[in-house]
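Take a look at the structure set out below.
The values are calculated or read from the model by the stated rules, or taken from the named source; none is laboratory data. Keep in mind that what you see is a predicted model, and the values were worked out from it rather than measured. Methodologically, a virtual Cβ is constructed for each residue, glycine included, from the backbone with ideal geometry; neighbour enumeration extends over all protein chains shown. For accessibility, only protein heavy atoms count, side chains too; no ligands or nucleic acids. Shrake-Rupley method; radii C 1.70, N 1.55, O 1.52, S 1.80 Å.
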Amino acid sequence: EKGNFDHFMLKEIHEQPQTIQDSLRGRLNAEQGTITLSGLEKIQDKLREANRIVIVACGTSWHAGLIGEYLIEELCRLNVEVEYASEYRYRNPIVSPKDVILAISQSGETADTLVALENAKKQGATIFGIVNVVGSSIARLADAGAYTHAGPEIGVASTKAFTAQLAVLQLIALKLAEIRGTISNELFQTLLRELDDVPAKVEWVLKNQVENIKAIARGYKDAANFLYLGRGYNFPIALEGALKLKEITYIHAEGYPAAEMKHGPIALVDESLPVVFVATKDVYHEKIVSNIQEINARKGKVVAVVSEGDDAINDMAEAVMVVPACHEIVAPLVAVIPLQLLAYYIGVERGLDVDKPRNLAKSVTVE
Ligand code: F6R
């Protein structure tokens, strides 16, 4: 079943051009300039009247949720909260019938997420599911939803399910912005085309960066710690890159907003610390360049995910992983790919069972 791949994780990383495409298919029509999301249209009235959206998830799905927050706030001008299901569930949250809850779960069986949703539903909130497994508990509980079409994910660390979640969140944010009238037609059309181009850009990374990333993995496989930094839409990608590394390689890693570094984590930086910057070209570019300079000044080893043609960072980093240039709003879908590969190849270099990391289960049905 793994085909030509050594592990399911690698196979699933390489499936992403297809699985992202599958999650967009029948929904995004870039030529006609339309998005069809029947599940979202079903709860249109609720969404028009909603006070806020609450995103509830765990782990990698929670990281997708953070990007969802940025997208929906920016494009739909609607207040969004992102909650860890385990916290939301126990802290007696304020829920009203005007809340729409976006539940994100690959398995659809995560116990904390499921119970958090049951509680919110009892209090009258509308539940919208973004779930990969058809007919799973969360999918059945939801009032409406949009499935991710990632196919079965066997590797314990989530890869293709995450990018499918991002693709669906992009569609939701764009469609909701259209429904709420908060996006110009010009931006809507631009982002549709950008989203439509994502599978080809992911394919480009998989074709052109694997050898480079393997070499980088060999260079850093013995590091004891890693720091991952990003800003804006790439901040949750820094968190996700750090989580993948922890899970697959057992190396301690932390993700931080790049500007938060000077409020503490910068104390960790010395010549033994690799610092991975998610630094694709966006409105924060100049700021992230100065964050890189701060690390360089303290002799940290900078590894950066950069946009093709960005020579400024090339000269400042010890190693770069290149991705095609894209609009900052879709950038996370492309920028995460090198970080998945980096975790994978470091895990392989360390001789670990990357498909079944110790202590982890594919679906967490205990609280
Ligand atoms: C990380 C990972 C976990 C899951 C989390 C939620 O690679 O896979 O962090 O994302 O356990 O699982 P789902 O999405 O099935 O609710």
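Just a few scattered comments:
- Approximate spin-label separation ARG52-ASP315, in nm, with each point projected 7 Å along Cα-to-Cβ: 4.6
- The range 194-306: mean projected area of Cα convex hull, nm²: 7.3
- Whole-percent pair-distance distribution, where bins are 20 Å wide, for the alpha carbons of the chain: 31, 59, 10
- 21 Å tail of the calculated P(r), the range 60-211, as % of Cα pairs: 48
- Backbone N within the range 195-239 under 15 Å of label point (7 Å from ARG25 Cα along the Cβ vector): 199-200
- Selected from VAL302, CYS326, VAL289, residue furthest toward positive end of dipole (the range 273-337; charges at beta carbon): VAL302
- Per residue, the chain exposes 40 Å² of accessible surface when a 1.4 Å probe is rolled over the protein heavy atoms with every protein chain present.
- Each of GLN44 and GLU1 was given a label point 7 Å from its Cα along the Cα-to-Cβ line. The distance between the two points is 4.1 nm.
- Calculated from backbone phi, Karplus (6.51, -1.76, 1.60) coupling profile of the range 252-262 in Hz, x at Gly/Pro: 5, 9, 10, x, 9, x, 4, 6, 7, 3, 6
- Count Lys and Arg as plus one, Asp and Glu as minus one, and take only other residues whose Cβ is under 13 Å from that of MET321; the net charge is then -3.
- For GLU49, net neighbour charge (Lys/Arg +1, Asp/Glu -1) across residues whose Cβ lies under 14 Å away: +3
- For VAL80, nonlocal amide neighbours, meaning residues 5 or more places apart or on other chains whose placed amide H falls under 5 Å from its own, are ILE53.
- Proximal lysines to LYS287, defined as alpha-carbon separation beneath 20 angstrom and excluding residues fewer than eight positions away on the same chain: LYS262, LYS299, LYS301
- Debye, to nearest 20: dipole size of the chain, +1 on Lys, Arg Cβ, -1 on Asp, Glu Cβ: 620
- Translational D in µm²/s for the range 217-367 (Stokes-Einstein at 10 °C, 1.306 mPa s, Kirkwood Rh from C-alpha pairs): 103
- Extension gain, ASP222 back to GLU308 (0.36 nm per residue minus Cα-Cα distance, nm): 28.2 nm
- 14 Å Cα-Cα reach of LYS42 towards aspartates and glutamates, excluding residues that sit fewer than 8 places from it in its own chain: ASP143
- Within straight-line cross-link reach of LYS11, lysines at Cα separation under 26 Å, skipping those fewer than 8 residues along the same chain: LYS2, LYS160, LYS201, LYS207, LYS214, LYS221, LYS244, LYS246, LYS356, LYS362
- Shown in residue order for the range 54-71 are the 3J(HN,Hα) couplings computed by the Karplus curve 6.51 cos²θ - 1.76 cosθ + 1.60 at θ = phi - 60°: 10, 9, 10, 6, 10, x, 4, 5, 5, 4, 4, x, 4, 5, x, 4, 4, 5 Hz (x for Gly and Pro).
- Carbon + sulfur, % of accessible area of the range 275-329 - ligands and nucleic acids excluded, 1.4 Å: 46
- Between TYR84 and LEU268, the FRET efficiency estimated from the beta carbon spacing at R0 = 30 angstrom works out to 0.75.
- Compared with the dominant principal axis of the Cα atoms in the chain, helix 285-297 is inclined by about 40°.
- Net charge of Cβ neighbours under 11 Å - reference LYS175; Lys, Arg +1; Asp, Glu -1: 0
- Ranked by the mean number of other Cβ atoms within 10 Å of their residues, highest first, the peptides 350-360, 283-293 fall in the order 283-293, 350-360.
- Under 5 Å, built H, 5+ apart or other chain: amide partners of MET321: ALA304, VAL305, VAL306
- A Förster distance of 25 Å, applied to the separation of the beta-carbon atoms of ASN208 and ARG350, puts the FRET efficiency at 0.50.
- For the range 1-116, the ratio of Cα radius of gyration to the globular rule of thumb 2.2 N^0.38 Å stands at 1.26.
- Kirkwood hydrodynamic radius of the range 257-311, from inverse mean 1/r over distinct Cα pairs, in Å: 11.5
- Most tightly packed first, judged by the mean number of other beta-carbon atoms within 10 Å of their residues, the peptides 166-176, 313-323 read 166-176, 313-323.
- 222 nm mean residue ellipticity, helices alone, for the chain (DSSP H n ≥ 4; -39,500 (n - 2.57); rounded to 500): -14500 deg cm²/dmol
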